[in-house]
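In what follows, a single structure is set out as structure tokens and then discussed.
The values are calculated or read from the model by the stated rules, or taken from the named source; none is laboratory data. The structure displayed is predicted, hence computed values, not measured ones. All Cβ positions, glycine included, derive from the backbone under ideal geometry; neighbour counts span all protein chains shown. Side chains included, ligands, DNA and RNA excluded: accessible areas come from the protein's heavy atoms. Shrake-Rupley method; radii C 1.70, N 1.55, O 1.52, S 1.80 Å.
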Amino acid sequence: MSGETRAGGGWGRRRFLGAVAGAAIPASAACGTQPAATAPEAPARRTSPTATGRPSGPRPLYIGTYTSVEGGGTGIGLATYDPATGRITGTGTLTGVADPSYLAVHPDGRTLYAVNEREDGAVTAVRLADRKVLGSRSTAGAAPCHLSVHPGGRWLLSANYTSGSVAVHRIEASGALGERTDLVTHSTPAPGPGQDGPHAHQCVTSPDGRHILAVDLGTDTVHTYRLDQRKGTLREVAQAHTRPGAGPRHLTFHPGGRHAYLANEVDNTVAVCAYDPATGRLTIGEPRSTGTGPGTHYPAQILVTGDGAYAYLANRGHNSLARYAVEGDGAELRLLGTVAVAGDFPRQIAFSPDGRLLFAANQRSGSVSVFHVDGASGELRLAGEPFASPVAVCALPL
């Protein structure tokens, strides 16, 4: 069982994985560095960069988890990290948010958004100044597993995994969520081999801001939509299809805006894609190695450095991060090797805002690993012992 893609109820599958993760975490590790907090303290103060361009004080880190599985968390994990050393310090838990398995922040940095990955799916807004929960809105689907904020800051996009649909919500001036403005269900093409239906896994805005791309693992398809920025509605303009059974999971763009990289979970590959900003059409290239060798290792998420020179792929089954050199102005990925993630089942990875640290949320070991990123070589160096956090499925450094 892959833990992410096998046919059957998506929610039951995710609940199973969380239970496995929780059972593997000793109680002391699960709770010792993440004390519960019924009255969360204020966010870490934003500090000015030093002469080297690196912030001089602690920065906020938010950690997503599952709250409805044995050994899971009790809300959004609160922590800070040292931007120089990568050391994480737990500061508590923001309770009152159910199954916040994926997190995103508004472009103005004032509001945090979380999916509520449950059968009756929802999205929740949290004001960061005082960590007040501003309320939740239904996604009109089951098991939302990803969300993102449109760069304009007015629309929240979320992907309902089990339902195979994408929801759009208005973002009010306060950061709170308004009514849902659209819901698009992936009705075509037919499900891929071994799948029981569409499974939307990600929705992301293209670098030009003109198109929304929704990755559907169940139908081996990336859907491209135009977003009406007045009404908050989606209109499909293109589809791109992987080879049958690839199980596309996560797409990220090269900063040049003409290429993107697609992690295929089921067939253990990554593909370079060409992107046409004028039409929104994505052309998926030939599958490439994930650096894990034979077998199925369920690649999860791929990132590209801000200068477009290197890319990193989280391989969950292999418990590694693959490193690629990006060549040909984004048109090529050259595998350089892998590094052990120092945890079990790296579900999600993220850069610090300055790009000098990479965070990996390890679901089954209940930990967050931090790596220093060498800007010249792209090499990763582990920054001390991983930080214990119950069923860590998302790490969001600010």
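Excluding ligands, DNA and RNA, the accessible surface per residue across the chain is 36 Å² with a 1.4 Å probe. In terms of its C-alpha gyration tensor, the chain has a rounded overall shape, because the principal axis ratio a/c (a ≥ b ≥ c, square roots of the eigenvalues) stays below 1.5.
The share of Cα pairs per 10 Å bin across region 297-344, counted from zero up to the longest distance, runs 29, 50, 20, 1 percent. To put it simply, the accessible area of region 57-168 at a 1.4 Å probe is 48 percent carbon and sulfur. Residues whose amide H lies under 5 Å from that of Leu357, counting only those 5 or more places away or on a different chain, are Ser352, Val373; hydrogens are built 1.01 Å from N in the peptide plane.
A Förster radius of 41 Å, combined with the Cβ-Cβ distance separating Gln239 from Leu382, puts the computed FRET efficiency at roughly 0.55. 3J(HN,Hα) couplings calculated from phi for region 175-183 with the Karplus curve 6.51 cos²θ - 1.76 cosθ + 1.60 (θ = phi - 60°) are, in sequence order, x, 5, 8, x, 5, 5, 9, 6, 8 Hz; Gly and Pro show x. Converting phi to 3J(HN,Hα) with the Karplus coefficients 6.51, -1.76 and 1.60 and the offset θ = phi - 60°, region 225-231 yields 10, 9, 9, 6, 7, 8, 9 Hz in sequence order, with x at every glycine or proline.
One quarter of the convex hull surface built on the alpha carbon atoms of region 208-261 amounts to 4.1 nm², the projected area averaged over directions. Could you work out which residue, out of Thr91, Thr181, Thr269, moves most in a Gaussian network model of the chain, that is, has the largest mean-square fluctuation with Cα springs under 10 Å? The residue that fluctuates most here is Thr181. Amide H contacts for Thr181 (H built 1.01 Å from N in the peptide plane; partners 5 or more residues away or on another chain; cut-off under 5 Å): Val168, His169, Arg170.
The Cβ shell under 12 Å around Ala98 holds other residues with a net charge of -3, Lys and Arg each +1, Asp and Glu each -1. Taking a spot 7 Å from the Cα of Arg258 along the direction of its beta carbon, which residues of region 184-228 have an amide N less than 19 Å from it? Once the point is set 7 Å along Cα→Cβ of Arg258, 206-211 turn out to lie under 19 Å by backbone N, inside region 184-228.
Taking 0.36 nm per residue of separation and subtracting the Cα-Cα distance, what length does fully extending Ala340 through Asp307 add?
Between Ala340 and Asp307, full extension yields an extra 9.5 nm.
Relative to the Cα centre, the charge distribution of the chain, modelled as +1 at Lys and Arg Cβ and -1 at Asp and Glu Cβ, gives a dipole magnitude of about 600 debye. The three principal axes of the C-alpha atoms in region 249-398 carry coordinate ranges of 44, 34, 25 Å, sorted with the longest axis first. Using a Gaussian network model of the chain in which every pair of alpha carbons under 10 angstrom is joined by a spring, one finds that among Ala376, Ala325, Ala342 the greatest mean-square fluctuation is at Ala376. Highest-first packing order for the peptide set 146-159, 355-368 is 355-368, 146-159, based on the mean count of other beta carbon atoms within 10 Å. Largest mean-square fluctuation among Thr279, Thr124, Thr93, in a Gaussian network model of the chain whose springs join Cα atoms under 10 Å apart, belongs to Thr279.
Amide H contacts for Leu128 (H built 1.01 Å from N in the peptide plane; partners 5 or more residues away or on another chain; cut-off under 5 Å): Thr111, Leu112. Over the residues of the chain, the helix contribution to mean residue ellipticity at 222 nm works out to -1500 deg cm²/dmol, using -39500 (n - 2.57) for each DSSP H run of at least 4.
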